[in-house]
Amino acid sequence: MGISMIAKRMVLKACVLKPVCTLRYGMVLLAAAILSQPVHAGPMVLNVVEDPGNLQNVPAMANNMDGALMAGARVQVGTWGGIFENVHWVADGPNSGHAAGNAMGDWRLSLGGDSWGTALFLEGLAGLNGIDYVTIDLMPDHQIAAFDDMSPDPGTPGTQGGSDPWDGLIGSNSALGWDIDVTYQDAVAVGSNSPEHDIYRLLRIEFSQPFVAGDYLYFLADSDAVIPEPATGALLGLGLLALQRRNRRV
């Protein structure tokens, strides 16, 4: 039974004994109506989109990725007014890394461990006027990793685990009361296989209100490493062979 119905029955019972209670009856019903309204519990995920976008083909995948291995990824933060900033991710420890910028005031995005179980941490630092979105590209110049959704299971060969974006927001502080929309973009497939639609090149988080100084966000977004083709070693071998031939000619 709802709060308002319980209150109504209690007041009606009291009014049988004390007929002059119209004002009290109205006040109690008003209070009950207020209490029965849904309460916004804090920032939450409003929408999740999985956009196949431009298909990315990779040689193979491995089910590990941490903050240090993300080095080289590109992070873009921006506003709906057209101001944006691109920053490359750097390693800052054995398994940790970050990206930081100051075009709109200081901000920092970091990952302090394995992406499976450790949340991305976005913080608004001194003077941050407002961020409307943040995008993480794990394949900007070369293929580093892919974000791993939980479904389907088992999904793309070589991947394991994954995280549910609906449950990704595990901690936050919001001065202006934002919620977020989450988008995975550009499906990734191994070899010539069709994509399983569980791993993606980009993750984008959009805020319903500006993310400002003092705000922070913890978001779980599992990712898996791309295993590169064994072409690097082959190219190195060809280079040494060419050098040997050149020395012989001299």
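Would you tally the residues in region 151-178 being under 16 Å from ILE199 (Cα atoms) and either without any contact (Cβ under 8 Å) to a residue 60 or more places away in the chain or acidic (Asp, Glu) (or both)?
Applying the first criterion (under 16 Å from ILE199 (Cα atoms)) to region 151-178 yields 151-166, 168.
From the residues that got through so far, the ones that are either without any contact (Cβ under 8 Å) to a residue 60 or more places away in the chain or acidic (Asp, Glu) (or both) too are 151-155, 163-164.
Number of matching residues: 7.
Any idea which of GLY168, GLY214 is at positive phi and either assigned by TED's automatic domain parsing to the domain that holds GLN56 or modelled with pLDDT of 95 or more (or both)?
GLY214
From the list PHE121, PHE147, which one is crowded, with 19+ Cβ neighbours inside 10 Å, modelled with pLDDT of 95 or more and in the same structural domain as GLN185 (by TED's automatic domain parsing)?
Details: PHE121 fails: crowded, with 19+ Cβ neighbours inside 10 Å.
After applying the criteria, what remains is PHE147.
Consider THR183 carefully, then state whether it is β-branched (Val, Ile, Thr), in contact with a strand residue (DSSP E or B) (Cβ under 7 Å, 6 or more places away or on another chain), assigned by TED's automatic domain parsing to the domain that holds ASN64 and in a loop (DSSP other than H, G, I, E, B). Before you say what the answer is, go through the steps one by one.
Numbers: β-branched (Val, Ile, Thr): yes; in contact with a strand residue (DSSP E or B) (Cβ under 7 Å, 6 or more places away or on another chain): yes; assigned by TED's automatic domain parsing to the domain that holds ASN64: yes; in a loop (DSSP other than H, G, I, E, B): no.
Considered against the rule, which asks whether it is β-branched (Val, Ile, Thr), in contact with a strand residue (DSSP E or B) (Cβ under 7 Å, 6 or more places away or on another chain), assigned by TED's automatic domain parsing to the domain that holds ASN64 and in a loop (DSSP other than H, G, I, E, B), THR183 comes out as no.
So, in region 90-110, how many residues would count as being among the hydroxyl-bearing types (Ser, Thr, Tyr) and assigned to a strand (DSSP E or B)? First the steps, then the outcome.
Quick first cut of region 90-110, residues among the hydroxyl-bearing types (Ser, Thr, Tyr) only: 96, 110.
Going one step further and asking which of them are assigned to a strand (DSSP E or B), we end up with 110.
Residues flagged as among the hydroxyl-bearing types (Ser, Thr, Tyr) and assigned to a strand (DSSP E or B) within region 90-110 amount to 1.
Looking only at region 113-147, count every residue that is of a type in the set (Asp, Glu) and either assigned to a loop (DSSP other than H, G, I, E, B) or under 12 Å from ARG201 (Cβ atoms) (or both) and tell me the total. Write out each step before concluding.
Just the residues of region 113-147 that are of a type in the set (Asp, Glu), to begin with: 114, 123, 132, 137, 141.
When the remaining residues are screened for being either assigned to a loop (DSSP other than H, G, I, E, B) or under 12 Å from ARG201 (Cβ atoms) (or both), the result is 137, 141.
Selection size over region 113-147: 2.
The values are calculated or read from the model by the stated rules, or taken from the named source; none is laboratory data. This is a predicted model, so every value here is computed, not measured. All Cβ positions, glycine included, derive from the backbone under ideal geometry; neighbour counts span all protein chains shown.
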